[in-house]
1. Residues being assigned to a loop (DSSP other than H, G, I, E, B) and buried (at least 24 other Cβ atoms within 10 Å of the Cβ): count how many of those fall in the range 240-271.
2. So residue 79 passes all but one of these: (1) surrounded by fewer than 20 Cβ atoms within 10 Å (Cβ to Cβ); (2) touching a strand residue (DSSP E or B) at 6+ places or on another chain (Cβ under 9 Å). Which condition number does it fail?
3. Do we have residue 170 as surrounded by fewer than 20 Cβ atoms within 10 Å (Cβ to Cβ), outside the structural domain of residue 48 (by TED's automatic domain parsing), touching a helix residue (DSSP H, G or I) at 6+ places or on another chain (Cβ under 8 Å) and part of a loop (DSSP other than H, G, I, E, B) here?
4. Among the helices (runs of 4 or more DSSP H) lying completely within the range 100-166, list those that include at least 1 residues that are over 30 Å from residue 205 (Cα atoms).
5. Looking at (1) modelled with pLDDT under 95; (2) crowded, with 19+ Cβ neighbours inside 10 Å; (3) part of a helix (DSSP H, G or I), which is the only condition residue 338 fails?
6. From (1) buried (at least 19 other Cβ atoms within 10 Å of the Cβ); (2) at pLDDT below 95, pick out the condition that doesn't hold for residue 354.
7. Look at the range 260-299 and say how many of its residues are farther than 25 Å from residue 346 by Cα and touching a helix residue (DSSP H, G or I) at 6+ places or on another chain (Cβ under 8 Å).
8. Under 18 Å from residue 180 (Cβ atoms), under 16 Å from the mean Cα position of the chain (by Cα) and surrounded by fewer than 23 Cβ atoms within 10 Å (Cβ to Cβ): does that describe residue 37?
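The values are calculated or read from the model by the stated rules, or taken from the named source; none is laboratory data. Here the structure is a predicted model, which is why all the values come from computation and not from measurement. Note that each Cβ is placed from the backbone with ideal geometry, even for glycine, and that neighbours are counted across all protein chains shown.
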């Protein structure tokens, strides 16, 4: 068994066993708290550029299957686990986690104290790190200096958004889905409702979006800092008030910025499938699936046409917004789940109802 090191920018070194690819890898280390769903996690484009730590201790016990991917190609830089299962048992299993990561050239490390690593991240915030083979030539001081001197790149949307538009046909409402790094679960939920979906790149101008004559616009999740995606913000400013809009995760943040709000980086982000969110409209609390490192500054909403509809019960951050004038609502979490509870799946039905209401208004005016 090959030995591997996880070296953090503060000089902390974790010694573990290598799995997956033999390549060295550098990225931002984050943690996610889901007890299941590691396949969806490793294939979520929102993790682009990150080394993901799983806080649940045993990972890989049901293998990898054909159905649970959230993107065709994984975007993570590395996988960190306490214990890797190399003999999975599940009727859907097609291959082991180790074999899959090897095939995708993604390195992993097992056998480290993931609780200690998680505490470091909770205290210091997400940190830069390198996964590298353990050998006599490794000079930790030089690697730490390299990490500290390397700027953290946060504009990752251009790396995971498609290069051209493509259709996902249906016979229902026409939805233009702006893909900032979309989880396929979002597209699946629209398809289940027979929407006629056109997926477009993140930098598609507003006039091209409207040229598809959409009944509604969906804003997807994605990685990185929303303030970096200036092209998307400009596009959304020109789409407000044109047709109903539903935004998820990064889409939620981008719409808020386009409406005049500001964002900030969370100390260690919200990542997992057990985050409680309160719906201020109904008083109901839902458990949600989340994966984001930035949030909207509630104080910055003063003077905008946005109102808060949902709050995170763990830290009080904004989890949902509604436009006071136009038919737009957004949420910070993932109503499509994948992985996670499906408490919030009804939001897709609300989006369909919103499009039908707006279509009805158009007929009345005609």
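1. Keep residues of the range 240-271 that are assigned to a loop (DSSP other than H, G, I, E, B), which gives 240-244, 249, 259-262.
Imposing the further condition that a residue be buried (at least 24 other Cβ atoms within 10 Å of the Cβ) reduces the set to 244, 249.
Within the range 240-271, residues that are assigned to a loop (DSSP other than H, G, I, E, B) and buried (at least 24 other Cβ atoms within 10 Å of the Cβ) number 2.
2. For residue 79, the failing item is (1).
3. Numbers: surrounded by fewer than 20 Cβ atoms within 10 Å (Cβ to Cβ): yes; outside the structural domain of residue 48 (by TED's automatic domain parsing): yes; touching a helix residue (DSSP H, G or I) at 6+ places or on another chain (Cβ under 8 Å): yes; part of a loop (DSSP other than H, G, I, E, B): yes.
Spelling it out, residue 170 is indeed surrounded by fewer than 20 Cβ atoms within 10 Å (Cβ to Cβ), outside the structural domain of residue 48 (by TED's automatic domain parsing), touching a helix residue (DSSP H, G or I) at 6+ places or on another chain (Cβ under 8 Å) and part of a loop (DSSP other than H, G, I, E, B).
4. Values: elements: 114-124, 140-149, 157-160.
Per the criteria, 114-124, 140-149.
5. So the condition that residue 338 fails would be (3).
6. Answer for residue 354: the failing condition is (2).
7. Number of matching residues: 6.
8. Values: under 18 Å from residue 180 (Cβ atoms): no; under 16 Å from the mean Cα position of the chain (by Cα): yes; surrounded by fewer than 23 Cβ atoms within 10 Å (Cβ to Cβ): yes.
No: the conditions fail for residue 37.
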